[in-house]
Amino acid sequence: MEFSSKLLEKAVNEMSQLPGIGKRTALRLVLHLLKQPSEQTQFLSQALTSMRDEVKFCKKCHNISDFEVCEICANPARNHQLICVVEDIRDVMAIENTNQYKGVYHVLGGKISPIDGVGPSQLNITTLVNKVKEGLVEEIIFALSSTMEGDTTNFYVFKQIKEYGVKTSTIARGIAVGDELEYADEVTLGRSILQRVPFENSLKNI
């Protein structure tokens, strides 16, 4: 792709680093920004810079937040003894949109995937185990995507907390095997939360 401007080329190259954005899509987005009033581009730039510099991770659940403790963990109306274990913020948003879940979350920050170089030490597992050790948890709901990596991560975490006798469950398999949680429709996801089953029962399928 030939560019008549080095500045344009640099902008397109940077934009194309985003996931799912190829060079042609990046070019279309950059040209769109060029046609807009300069203040709109400045607003976008400021928003991205502020997000990158100021966003925090909740010290209780590792969810992305504007504060040290996210609004969900800070809400006294939530059941803090019921923890839903998810991969990332997209799954938190998906479950919250169902309006069916009243507990809190624990965001692992990924899934165990040796092929991608992701091991247990790179995930937020230790802090979850510590919560269980401290007796702060009545039930853990495993809500990772029903993929091989998700099932592997569920099983690893289960082994870490099994000796403490906490109740464990997993979302019902209304979520098709191989599906990512964030793409499930809200009704199906909501029912999967409400109709969760003991985690031990799911081990028969692993």
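Shown here: region 6-51, whose C-alpha atoms stretch 24, 23, 17 Å along the first, second and third principal axes, sorted largest to smallest.
Where only DSSP H runs of four or more residues are counted, the chain gives -12000 deg cm²/dmol as its mean residue ellipticity at 222 nm, each run worth -39500 (n - 2.57). Amide H to amide H, with H built 1.01 Å from N, VAL118 comes under 5 Å of SER113, counting only residues 5 or more places away or on other chains.
Cβ crowding within 10 Å, taken as a proxy for footprinting-reagent exposure, orders GLU39, GLU138, GLU87 from fewest neighbours to most as GLU39, GLU138, GLU87.
Expressed as a fraction of 2.2 N^0.38 Å, the C-alpha radius of gyration for the chain is 1.23.
Ranked for footprinting exposure by Cβ neighbours inside 10 Å, fewest first, TYR105, TYR164 give TYR164, TYR105. Provide the net charge surrounding ASP66, with neighbours chosen by a C-beta distance below 11 Å and charges set as Lys +1, Arg +1, Asp -1, Glu -1. In short, -2.
FYI, it's all coordinate maths here, none of it is from the lab. Keep in mind it's a predicted model, so treat the numbers as computed, not measured. For neighbour counting, all protein chains shown are included, and Cβ atoms are generated from backbone atoms with ideal geometry for every residue, glycine included.
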